[in-house]
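The values are calculated or read from the model by the stated rules, or taken from the named source; none is laboratory data. This one's a predicted model, so the numbers in the text were calculated from it and none came from an experiment. No Cβ is skipped: glycine too gets one built from the backbone with ideal geometry, and neighbour counts run over all protein chains shown. SASA here: full protein model, heavy atoms, side chains in, ligands and nucleic acids out. Shrake-Rupley method; radii C 1.70, N 1.55, O 1.52, S 1.80 Å.
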Amino acid sequence: MGVLAVAAVGFLALRAATGGGGGASSPEAAVEDLAAALEAEDPVAALDAMDPADVEALGDVVETAAARAEALGFSPEDKTFGGVDIGITGTRYEVDELGDGIARVTIAGGSARVGVDRDGLADLTAAAVDASTDEDDDTTTSFDVSDLVLETDEGDVDPFVVAVERDGGWYVSPLYTAAQYLVDGLGLPGPDLPAPEPGDGADDPESAVEDLLLAAGALDGDATGDLVAGAAGDVVRSYRGALEEWVGAEAEDASAEIDTLETEVSDREGGGQRVVVTELEGTVSWTDPDGGDSSSSSVSWDGTCLVIRDAAGDTGGEAAGGDAEGDAEEAGVDDSDFCLTDGWSRVGVEDLAVVVVEEGGTWRVDPLATVGDYAAAIVPELTDSLVLRAFGIPEAAAPSTEISAGEPTTVELDEAGVAVLGLTVDPGQRFTISAESDDGEEEVGAYLVDPDGVVQSAFSIVEPEGSGEYELVVFTEAWAPSDVMVGISPIVEETITLGDAVTGSLETGDEVVEYAAELEADTTYELGFDNDDLGIEVVDPDGTPVELAEDDDPETATSTFTTGSAGTYRIRVDGGFDRTAGDYGVALDETVPFVLGDGSTPTAEGVIEGPDGEQFIDLEVRGGEVVFVDVTTTDPAFDMVVILRDPADDTEFDRYDSGGPGEAESVEFSPDEDTTWRIAVQGSGGTTGSFTVEAYED
């Protein structure tokens, strides 16, 4: 990942070269030029080897990107690929003509090596590599052609690129290469080459946007290709059959209607018109190709939020992009698939706009120029934190401050919605981490990075494997500045034994007190806890939470749990969901079986959830007493079986299965001496359901 990050940042920092080299003499020569440029770590030469129509939309964006990458510390001065060593050997090519002036160049043999020299990298790129790899890791990656074979349901696809001829010279085309991979990978129809000449576009810029939306919504490849400008339009027209078949596998007989379309049109620096969509209302309809069912969805855009609802009024997805849901509510919609939040504004994206250009007296939408405009707006606003978070390694940044155990402190998240905090961990230290937004409304995430760069969870009980300088990464999904409260609370460890009743106090809601108890295997225990505002859980020797069964009587404030293996179990008391402080009492004892003969009437409830499920209740019975047990169910299909067993070794004494589905079972017995019986319940014939056991004496 570190190597890929270096390559991605470096490539964005290129100085634009829009085909000034004149192209190569043949398709394979174009690929050889690209390979040589990569091996020489010469990004300018690499762009020279690419189709000018594909890359010209970058314009001056790459110049800005180069300066920005250098200023942020991702690129060494005047050396984009500094610290990266690329080697390519033994390459062989096979050329197949796809059409006049377009050829597929298959890489039939060869190998490559990509290595990273940390000392030659810029500071932040070096930090990114360190965050992605261990210090002793070999940062050299080697692979050959067989490693690049694409395995698909249609068969294996050998690695290739598509080359195109422009003005007598050959270039590698990223657009045609991507389209051809789609065709080969999905077994779609081949292209119509060379690209058919476009038909008429639109009469004006606004109509170009409207007509393209209608054509795309109707899955009309011909009309869509006529309305797309430049190299992207050539590709759409060439591969329109493949695109229609691909989309048609999911929908057919599609149509689109636009009820409202409001735009703002202005001159664009560099040519063409910039069309901002301020309002859109429309409907898309289609038929399921498998079942023939008709479906439709409404689509609306209010200048801020996109909402897609199906015919039943359900939205197509959750809000995306930070505080989009809140923005959607303010805009008067229930939910949104996408909103232009404040986070987008902070990186230069203020509206939904497309570039429309005039070609041959008609207007068409230019996707590449549109992407270039967005890139030109975003690149100057990028920060190191935004880039590192986009790569998934925000911890590569130096900690902004140190944090230690104690009262929760306010931490400021940066423009990427991230804070990297330094944390010194002592040997054997165990602690909890709390993190919540100041307003309590936004979800806060966090994770720890140990001194070796290994990421581990920051929530529940943190038990670091070693001591040293850790990093705590705190973030929200908003990608925006905000304040969060972060607390580090060491675990207070105590012991408790059977029959003990202890008291304690949480001074803050972020504290955790843990009681260790040595418990036997396959035994049921009773746990008393007298503060419902606090949280309590039991974990087994492996650290897995144990299920607690609550007592039906709220006044007893007890619950029970059954152990698996023997060992040290831990009872943890914390501030609960609301992080409450307060006093409490804890009691632990082995569960006493129900005792009949003293006038008690024990009742228990249970559920059989699977064909092999069984639950039981133990009853201590006085000798000479006549005992009745009724087992009832409210599930009409549940056919219960009641089994009388010796709890010492599960020896079966008797089985009761006289009733049918939904009917009760009754048991009667009278032991000669004091005895503990086990009443087990199962489902006959694999039936399942809930039940109630009531035991009483004559």
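Structure data summary
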{"read-out": "Scan of the range 388-425 for residues that are β-branched (Val, Ile, Thr) and part of a loop (DSSP other than H, G, I, E, B), ordered by number", "value": "ILE393, ILE403"}
{"read-out": "All strands (runs of 3 or more DSSP E) inside the range 46-151 with 3 or more residues being at pLDDT 90 or above", "value": "84-99, 102-116"}
{"read-out": "Of the criteria (1) open to solvent by 30 Å² or more (accessible area, probe 1.4 Å); (2) more than 30 Å from the chain's Cα centre (by Cα); (3) touching a residue at least 24 places away in the same chain (Cβ under 8 Å), which one ILE308 fails", "value": "(2)"}
{"read-out": "Restricting the range 549-593 to residues that are modelled with pLDDT under 90 and hydrophobic (A, V, I, L, M, F, W, C), the residue that is farthest from GLU463 (Cα to Cα)", "value": "VAL592"}
{"read-out": "Boolean, ILE617 is under 13 Å from TRP677 (Cα atoms) and either surrounded by fewer than 16 Cβ atoms within 10 Å (Cβ to Cβ) or modelled with pLDDT of 80 or more (or both)", "value": "yes"}
{"read-out": "Condition met for SER285 (modelled with pLDDT under 95, touching an Asp or Glu at 6+ places or on another chain (Cβ under 9 Å), exposed (fewer than 15 other Cβ atoms within 10 Å of the Cβ) and assigned to a strand (DSSP E or B))", "value": "no"}
{"read-out": "Within the range 439-465, tally of residues that are closer than 18 Å to ASP130 by Cβ and of a type outside the set (Asp, Glu)", "value": "8"}
{"read-out": "Only one of LEU124, LEU186 that is among the aliphatic types (A, V, I, L, M) and either open to solvent by less than 40 Å² (accessible area, probe 1.4 Å) or under 24 Å from PRO52 (Cβ atoms) (or both)", "value": "LEU124"}
{"read-out": "From SER690, SER666, residue being modelled with pLDDT of 90 or more, part of a strand (DSSP E or B), polar (S, T, N, Q) and open to solvent by 70 Å² or more (accessible area, probe 1.4 Å)", "value": "SER666"}
{"read-out": "Test: ALA405 is touching a Gly at 6+ places or on another chain (Cβ under 9 Å), closer than 30 Å to SER266 by Cβ and either of a type outside the set (Val, Ile, Thr) or open to solvent by 50 Å² or more (accessible area, probe 1.4 Å) (or both)", "value": "no"}
{"read-out": "Matching residues, the range 561-594, being closer than 22 Å to GLU518 by Cα, among the aliphatic types (A, V, I, L, M) and surrounded by 13 or more Cβ atoms within 10 Å (Cβ to Cβ)", "value": "ALA566, ILE571, VAL573, VAL586, ALA587, LEU588"}
{"read-out": "The one condition in (1) out of contact with any Pro (no Cβ under 8 Å at 6 or more places or on another chain); (2) within 19 Å of PRO451 (Cβ to Cβ); (3) without any contact (Cβ under 8 Å) to a residue 60 or more places away in the chain that VAL420 fails to fulfil", "value": "(1)"}
{"read-out": "Any hit, the range 382-390, residues being within 23 Å of VAL347 (Cα to Cα), polar (S, T, N, Q) and either touching a helix residue (DSSP H, G or I) at 6+ places or on another chain (Cβ under 6 Å) or open to solvent by less than 60 Å² (accessible area, probe 1.4 Å) (or both)", "value": "yes"}
{"read-out": "Filter result (outside any strand (DSSP E or B), of a type in the set (Ser, Thr, Tyr) and in contact with a helix residue (DSSP H, G or I) (Cβ under 9 Å, 6 or more places away or on another chain)) within the range 152-179", "value": "SER173, TYR176"}
{"read-out": "Test: residue in the range 630-648 that is at positive phi and either at pLDDT 85 or above or over 51 Å from the mean Cα position of the chain (by Cα) (or both)", "value": "no"}
{"read-out": "Yes/no for GLY217 being of a type in the set (Gly, Ala, Ser) and more than 30 Å from ASP302 (Cβ to Cβ)", "value": "no"}
{"read-out": "Filtered residues of the range 1-44 (kept if modelled with pLDDT under 80, of a type in the set (A, V, I, L, M, F, W, C) and not in a loop (DSSP other than H, G, I, E, B))", "value": "VAL3, LEU4, ALA5, VAL6, ALA7, ALA8, VAL9, PHE11, LEU12, VAL44"}
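Condition check ((1) open to solvent by less than 50 Å² (accessible area, probe 1.4 Å); (2) touching a Pro at 6+ places or on another chain (Cβ under 6 Å); (3) assigned to a loop (DSSP other than H, G, I, E, B); (4) closer than 16 Å to ILE102 by Cα) across all residues:
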site	(1), (2), (3), (4)
GLU206	no, no, no, no
LEU213	no, no, no, no
GLY225	yes, no, no, no
ALA231	yes, no, no, yes
ASP234	yes, no, no, yes
ARG237	yes, yes, no, yes
